[in-house]
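Contents: one structure, followed by commentary.
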Amino acid sequence: MKTNSKKNITVETPLMASLHFFFTFSLLLLFAGNTFAQKADLAKTPPMGWNSWNTFATNINEELVIGVVDSMVSMGFRDVGYNYVVIDDGWMLRERDEEGNLVADPEKFPNGIKHLADYVHSKGMKFGIYNCAGTQTCGGYPGGRGHEYQDARLYASWGVDYLKYDWCYHGNLTSDAAYTTMRDALYATGRPILFSICEWGDTEPWFWAGEVGHAWRISGDIYPCYDCEDRHDDGLPTQWSAWGVMKILNMRNNDTLRRYAHAGAWNDFDMMEVGNGMTPAEDRTHFAMWSLLASPLMLGNDVRKTSKETIALLTNKEIIAVNQDALGIQGFKYLQDKNLEIWAKPLQGGAWALCFLNTGNESEKITFNWNSHTIIDKIFNKEISFAKTPCKIRDLCAKKDVGTTKKPLVATIASHDVLMVTLKPLKK
Ligand code: GAL
């Protein structure tokens, strides 16, 4: 750098200017690189936790959330991996303050959101919140549009670890641009915040959201029913479609979706309805299938009132392990024979998980001759031929070893129920 003594002006030589540019650019890259590198780490496996919406809609408050957190700890949910506690729509006042900040509803959250987040953190868990990319949330509260950086700073100051971002009142926004703006606003805070995209699959997020968020919804809202679906009289789905678990399972081309799922980027089949009124068989199917699909596993029930059977199902570590498997491959439908569907998911170490699903209204007796089956996953280049690679079979719901693939599997599967097994190659 040269100093012009007469005028006392600092002048950069061309060399200094290029060095300056180089250092600034490298610093920027380093910063962006760090935040981007964190992305996969934040959701190496599908996120797990609880979300308030399915049971409570906008009727949420501090006491309820603290009760849920305490139950998640005492019932063992936290310890098997459900670590995010997410408050959905309805947490704020209908207007921003004079400075444009979002304001938590003081009647629902008298001690503010930071206090609640601190409580969640004190239990070794993480705290999540909801807003929307449009001008308002779906419940008519202030949306994030035009306030992205301001909101992100506020969330970070409260200790938010997870943001679910909805798609109501988006006007003429383009989804990938709108969600990218919010992602950048979250990055700019420097706080690792898991970003959960909720545009209901409307703009095929699997094609663009992998770079933007950690998970993206693929459907309209789930309801606690097996195969319900909201339709107009003319048979077309309503704009605010509600879907049963089987409808969500089958509404998209699984092969299209699954090639985009990987560490840090998951197809989200919606928060679970386990414990919300379906039969025990349907709950089992729902949980087993969400696990096999590597979907986020967000509890959607009133955890404080979970029955013993439901706790046992949702905390079944062997089923959770399929969901959280380090390979991070989403399962697929291998075979369908009338009401019997067989879904498969490659697991680490050459193992596989299989769900035998009876979608019919009667029980089905099955005899499955392993030796005549070779399962091929063309997308992720995995294959198993049971004739060549005999496996040990474990029934995950019963938590029992049930023989090997050397003999045909004979089982009776109740209506809407599932038999979920893992297959581990026998040592030679
Ligand atoms: C929907 C979303 C639901 C819930 C609700 C809140 O768009 O799919 O999961 O967040 O908005 O109003």
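The values are calculated or read from the model by the stated rules, or taken from the named source; none is laboratory data. Keep in mind the model is a prediction, meaning the values are calculated, not measured. Cβ atoms come from the backbone with ideal geometry, glycine included; neighbour counts cover every protein chain shown.
What the table shows:
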| quantity | calculated |
| --- | --- |
| Matching option when the condition is more than 18 Å from the chain's Cα centre (by Cα), closer than 18 Å to residue 87 by Cβ and surrounded by fewer than 24 Cβ atoms within 10 Å (Cβ to Cβ), among 154, 173 | 154 |
| Test for residue 393: is it surrounded by fewer than 17 Cβ atoms within 10 Å (Cβ to Cβ) and of a type in the set (A, V, I, L, M) | no |
| Residue within segment 81-92 that is within 16 Å of the ligand (Cβ to nearest atom), at pLDDT 95 or above and farther than 20 Å from residue 161 by Cβ present | no |
| Top-ranked residue of segment 114-166 - restricted to ones that are among the basic types (Lys, Arg) and touching a strand residue (DSSP E or B) at 6+ places or on another chain (Cβ under 6 Å), ranked as nearest to the ligand (Cβ to nearest atom) | 164 |
| Matching entry among 189, 203 (being in contact (Cβ under 8 Å) with a residue 12 or more places away in the chain, polar (S, T, N, Q) and either touching a Ser or Thr at 6+ places or on another chain (Cβ under 6 Å) or within 16 Å of the ligand (Cβ to nearest atom) (or both)) | 203 |
| Residue check for residue 49: in the same structural domain as residue 130 (by TED's automatic domain parsing), in a loop (DSSP other than H, G, I, E, B) and either within 16 Å of the ligand (Cβ to nearest atom) or within 23 Å of residue 314 (Cβ to Cβ) (or both) | no |
| Per-region count, segment 384-413, residues under 31 Å from the mean Cα position of the chain (by Cα), closer than 12 Å to residue 356 by Cβ and either part of a strand (DSSP E or B) or among the β-branched types (Val, Ile, Thr) (or both) | 3 |
| Output for segment 290-314, where each listed residue is under 16 Å from the mean Cα position of the chain (by Cα), of a type in the set (Gly, Ala, Ser) and farther than 21 Å from residue 63 by Cα | 291, 294, 295 |
| Looking only at segment 216-233, and only at residues there that are away from the ligand (no atom under 16 Å from the Cβ) and farther than 12 Å from residue 282 by Cβ, the one that is surrounded by the most Cβ atoms within 10 Å (Cβ to Cβ) | 231 |
| Pairs, first within 16 Å of residue 100 (Cβ to Cβ) and without any contact (Cβ under 8 Å) to a residue 40 or more places away in the chain in segment 135-146, second assigned to a strand (DSSP E or B) and within 9 Å of the ligand (Cβ to nearest atom), C-beta under 6 Å, six or more apart | 143/132 |
| Count of segment 209-242 residues which are outside any loop (DSSP other than H, G, I, E, B) and β-branched (Val, Ile, Thr) | 1 |
| Close pairs from segment 107-119: first under 15 Å from residue 90 (Cα atoms), partner part of a loop (DSSP other than H, G, I, E, B), Cβ under 6 Å, at least 6 apart | 108/61 |
| Among the residues listed as 243, 290, the single one being out of contact with any His (no Cβ under 9 Å at 6 or more places or on another chain) and more than 18 Å from residue 333 (Cα to Cα) | 243 |
| Hey, residue 212 within 20 Å of residue 68 (Cβ to Cβ) and surrounded by 16 or more Cβ atoms within 10 Å (Cβ to Cβ) or not | no |
| Output for segment 385-420, where each listed residue is touching a Cys at 6+ places or on another chain (Cβ under 8 Å) and within 20 Å of residue 340 (Cα to Cα) | 405, 418, 419, 420 |
| Total residues in segment 52-80, condition surrounded by fewer than 21 Cβ atoms within 10 Å (Cβ to Cβ) and within 15 Å of the ligand (Cβ to nearest atom) | 4 |
| Complete set of residues in segment 235-281 that are out of contact with any Leu (no Cβ under 8 Å at 6 or more places or on another chain), surrounded by 15 or more Cβ atoms within 10 Å (Cβ to Cβ) and under 12 Å from residue 223 (Cβ atoms) | 241, 242, 243, 244, 245, 246, 247, 248, 270, 273, 276, 278 |
